[in-house]
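Student: Questions regarding the structure given below will be posed in turn.
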Amino acid sequence: MMRQLACALAGCMLLASAVAGCTSARSNLGTSDNSCYLALPSASNAVGAHGRLLSVDLFTFTALRERAPQLFTALGTKHASPQRVCVVTFVGKFNKTSVLDPLGSSSGRLAVVVLATPSNQLLGTVIFTGASLHVGHTHIG
């Protein structure tokens, strides 16, 4: 009886540690862009209901200038340069009256919302026409 209880207890402890190990290893999304998922409500608010989420990427401000110079230029220098920014891209139909803090083209199929992180301060919503734009891991356009 005592041996069965000891085996049952050992089995439960083994199962509990296996489950705890599995859940703690996957408690985040497995990307360096995790903090940007907290910016999704702010980014969605910036474009209203005018588009579909296409990508979410985290950049240093320097990396954004190097990897997406067209986007960086459209942002201008009206805000102090944050250390890191979240770049959230939406596809749909956008114009300067349908987004918050509009920059770029007067209308277009892509809206790229740029937010400082971790504050989620909106730096701008850049509208692009159907032209291709390479941001982060995906090719957009």
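Student: Here is a list: 72, 94. Which entry is farther than 11 Å from residue 43 by Cα and out of contact with any Gly (no Cβ under 7 Å at 6 or more places or on another chain)?
Tutor: Details: 94 fails: out of contact with any Gly (no Cβ under 7 Å at 6 or more places or on another chain).
Testing whether each residue is farther than 11 Å from residue 43 by Cα and out of contact with any Gly (no Cβ under 7 Å at 6 or more places or on another chain) leaves just 72.
Student: On to the next question. Restricting attention to the range 71-101, which residues are within 19 Å of the chain's Cα centre (by Cα) and not hydrophobic (A, V, I, L, M, F, W, C)?
Tutor: If the condition is that a residue be within 19 Å of the chain's Cα centre (by Cα) and not hydrophobic (A, V, I, L, M, F, W, C), then 81, 82, 83, 84, 89, 92, 101 are the ones that fit.
Student: Let me ask something additional. Could you please let me know if residue 77 is loosely packed, with under 10 Cβ neighbours inside 10 Å, at pLDDT below 85, of a type in the set (Val, Ile, Thr) and not assigned by TED's automatic domain parsing to the domain that holds residue 130?
Tutor: Values: loosely packed, with under 10 Cβ neighbours inside 10 Å: yes; at pLDDT below 85: yes; of a type in the set (Val, Ile, Thr): yes; not assigned by TED's automatic domain parsing to the domain that holds residue 130: no.
When the stated conditions are applied, residue 77 does not pass them.
Student: Now for a different question. If only one of 115, 53, 123, 103 is aliphatic (A, V, I, L, M), modelled with pLDDT of 90 or more, surrounded by fewer than 18 Cβ atoms within 10 Å (Cβ to Cβ) and in the same structural domain as residue 38 (by TED's automatic domain parsing), which one is it? Steps first, please.
Tutor: Details: 115 fails: surrounded by fewer than 18 Cβ atoms within 10 Å (Cβ to Cβ); 123 fails: surrounded by fewer than 18 Cβ atoms within 10 Å (Cβ to Cβ); 103 fails: surrounded by fewer than 18 Cβ atoms within 10 Å (Cβ to Cβ).
When all the criteria are applied, what remains is 53.
Student: Moving on to the next point. Which of the residues belonging to the range 76-127 are β-branched (Val, Ile, Thr) and part of a strand (DSSP E or B)?
Tutor: Answer for the range 76-127, where residues must be β-branched (Val, Ile, Thr) and part of a strand (DSSP E or B): 85, 87, 88, 89, 91, 112, 113, 114, 117, 125, 126, 127.
Student: Could you please find all residues in the range 86-111 being under 24 Å from residue 62 (Cβ atoms) and in contact with a helix residue (DSSP H, G or I) (Cβ under 6 Å, 6 or more places away or on another chain)?
Tutor: As a first pass, look at the range 86-111 and keep what is under 24 Å from residue 62 (Cβ atoms): 86-89, 101, 103-104, 110-111.
Of everything in the range 86-111, those that are under 24 Å from residue 62 (Cβ atoms) and in contact with a helix residue (DSSP H, G or I) (Cβ under 6 Å, 6 or more places away or on another chain) turn out to be 86, 88, 103, 104, 111.
Student: On the basis of being farther than 17 Å from residue 120 by Cβ and modelled with pLDDT of 90 or more, does residue 67 make the cut?
Tutor: Values: farther than 17 Å from residue 120 by Cβ: yes; modelled with pLDDT of 90 or more: yes.
Criteria met by residue 67.
The values are calculated or read from the model by the stated rules, or taken from the named source; none is laboratory data. Because the structure is predicted, anything quoted here is derived from the model rather than measured. A quick note on method: Cβ atoms are made from the backbone with ideal geometry, for glycine too, and the neighbour counts reach across all protein chains shown.
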